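J.: Handing you a structure now.
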Amino acid sequence: MLYICIPTYNEGPTVGVLLWRIRRVFQDYSREYEIIVYDDGSTDGTRETVEPYAEVIPLTVLRGDQRKGFGFAIDKLVREVSRRTRYARRDALIMMQADFTDQPEHIPELVKRFEGGADIVAAKQEMTEAPAPVQRLRRFADWIQRAGLPKTDGDPFTTYRLYRISVLREMLKVLGDKPVVTSSGWAANAELLLKARRFARRLETVDLAPRYDVRTRETRVRPFADALNLFRFSRRARLLAAAAKGAG
């Protein structure tokens with residue numbers, strides 16, 4: 001089973017079309033799948049847009065009444081999938097954005113590496129066509145990574161990744177009731193990767209070009225505020241890396 005997990009906040013104009021594109025991918029790609037959308041307190045009718053799709057595709061919509069942020073959405077999705085899976089070693093979670101940046105047509109490329117034995121498959125995404133705020137944050141992020149973040153295979157900041165669910169379950173056993181991630185934005189993506197890789201035997205990367213030209217809204221990236229979040233996270237990341245090294 002492939003669980004396609006989509007955190008959303010006010011993505012009404014795009015998320016319905018995204019679900020339909022995912023459905024089309026699996027019409028030609030014979031795999032059992034389920035889509036789980038977490039709606040983080042949207043106020044634009046995202047939930048009302050999504051729910052009718054449950055009649056034609058395998059879809060579950062989880063809803064928070066108040067916006068609690070991207071990191072909280074990740075926590076909810078990871079725990080829900082870990083609870084649902086029946087075959088944790090054979091099943092996978094794929095995290096992707098709802099704004100068309102991550103392309104559903106790339107899902108088979110992620111799964112190919114998973115079926116080849118990878119426990120985590122991380123997208124490596126070039127930012128040359130990204131909006132100016134995203135490119136600015138990328139420059140900050142690259143500097144922070146060189147200066148303070150532990151070395152990782154692949155891009156630690158992208159959302160688009162596949163995780164073997166047995167890896168996430170092992171991570172959750174250690175975390176217990178503690179949040180899966182305590183960061184927000186790109187830092188949340190990096191935190192999840194660093195925590196999960198401790199339990200992964202093999203991590204692979206794949207070049208998958210993001211799309212910024214088909215989004216219907218402006219980017220929510222705030223270069224300076226998000227860079228500050230990354231800097232704060234980098235100070236904690238050394239502890240995560242030390243824990244992973246000690247476990248190895």
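J.: May I ask you to say which residue of V134, V111 is β-branched (V, I, T), in a helix (DSSP H, G or I) and at pLDDT 95 or above?
T.: After applying the criteria, what remains is V111.
J.: Same structure again: Taking T8, is it in contact with a Ser or Thr (Cβ under 7 Å, 6 or more places away or on another chain), in contact (Cβ under 8 Å) with a residue 40 or more places away in the chain and under 23 Å from T219 (Cα atoms)?
T.: Against the criterion (in contact with a Ser or Thr (Cβ under 7 Å, 6 or more places away or on another chain), in contact (Cβ under 8 Å) with a residue 40 or more places away in the chain and under 23 Å from T219 (Cα atoms)), T8 qualifies.
J.: For the stretch 11-57, which residues satisfy the criterion of being more than 24 Å from T158 (Cβ to Cβ) and either touching a helix residue (DSSP H, G or I) at 6+ places or on another chain (Cβ under 6 Å) or touching a residue at least 40 places away in the same chain (Cβ under 8 Å) (or both)?
T.: Hits for the stretch 11-57 are D44, G45, T49, Y53, I57.
J.: So, E55, is that one at pLDDT 95 or above and charged (D, E, K, R) or not?
T.: So E55 fails the test.
J.: Just to be sure I understand the filter: pairs with C-beta atoms under 9 Å, separated by 6 or more residues or on different chains, first member in the stretch 174-193 and on the phi < 0 side of the Ramachandran plot, second member assigned to a loop (DSSP other than H, G, I, E, B) and of a type in the set (K, R). Which pairs pass?
T.: Sorted first by the residue in the stretch 174-193, then by its partner, the pairs are V174/R198.
J.: To continue, here is another question. Go over the candidates R67, R63 one by one and state the one that is in a strand (DSSP E or B) and either small (G, A, S) or over 21 Å from D102 (Cα atoms) (or both).
T.: It is R63.
J.: Let me ask something else. Within the stretch 80-96, work out how many residues are surrounded by 14 or more Cβ atoms within 10 Å (Cβ to Cβ) and among the basic types (K, R).
T.: The qualifying residues number 1.
J.: Right, next: Do we have any residue at all in the stretch 163-174 that's within 21 Å of L18 (Cβ to Cβ) and either modelled with pLDDT under 85 or assigned to a helix (DSSP H, G or I) (or both)?
T.: Checked the stretch 163-174: no residue is within 21 Å of L18 (Cβ to Cβ) and either modelled with pLDDT under 85 or assigned to a helix (DSSP H, G or I) (or both).
J.: Further, regarding this structure: Quick check: is even one residue across the stretch 11-29 closer than 22 Å to E109 by Cβ and in a strand (DSSP E or B)?
T.: No, every residue in the stretch 11-29 fails to be closer than 22 Å to E109 by Cβ and in a strand (DSSP E or B).
J.: P7 fails exactly one of the following numbered conditions: (1) touching a strand residue (DSSP E or B) at 6+ places or on another chain (Cβ under 6 Å); (2) farther than 30 Å from A88 by Cβ; (3) not basic (K, R). What is the number of that condition?
T.: For P7, the failing item is (2).
J.: Within the stretch 38-48, can one find any residue that is closer than 30 Å to E115 by Cα, at pLDDT below 95 and either surrounded by fewer than 16 Cβ atoms within 10 Å (Cβ to Cβ) or of a type in the set (A, V, I, L, M) (or both)?
T.: Looking through the stretch 38-48, none of the residues is closer than 30 Å to E115 by Cα, at pLDDT below 95 and either surrounded by fewer than 16 Cβ atoms within 10 Å (Cβ to Cβ) or of a type in the set (A, V, I, L, M) (or both).
J.: Going by the structure shown, is A118 in a strand (DSSP E or B), within 18 Å of the chain's Cα centre (by Cα) and closer than 23 Å to V206 by Cβ?
T.: no
J.: Same structure again: Mind checking which pairs have a first residue in the stretch 58-75 that is within 19 Å of G16 (Cα to Cα) and a second that is of a type in the set (K, R) and assigned to a helix (DSSP H, G or I), Cβ under 7 Å, 6 or more apart or different chains?
T.: Between residues of the stretch 58-75 that are within 19 Å of G16 (Cα to Cα) and residues that are of a type in the set (K, R) and assigned to a helix (DSSP H, G or I), the close pairs are V61/R47; L62/K76; R63/R47.
J.: Out of D119, D99, D75, D65, which single residue is buried (at least 16 other Cβ atoms within 10 Å of the Cβ), of a type outside the set (S, T, N, Q) and at pLDDT below 95?
T.: D99
J.: Here's a follow-up. So how many residues does the stretch 175-205 have that are hydrophobic (A, V, I, L, M, F, W, C), closer than 20 Å to R113 by Cα and at pLDDT 90 or above?
T.: 6
The values are calculated or read from the model by the stated rules, or taken from the named source; none is laboratory data. Only a predicted model underlies this, so the values are computations on that prediction, with no experimental measurement involved. Here the Cβ is made from the backbone with ideal geometry for all residues, glycine too, and neighbour counts use every protein chain on show.
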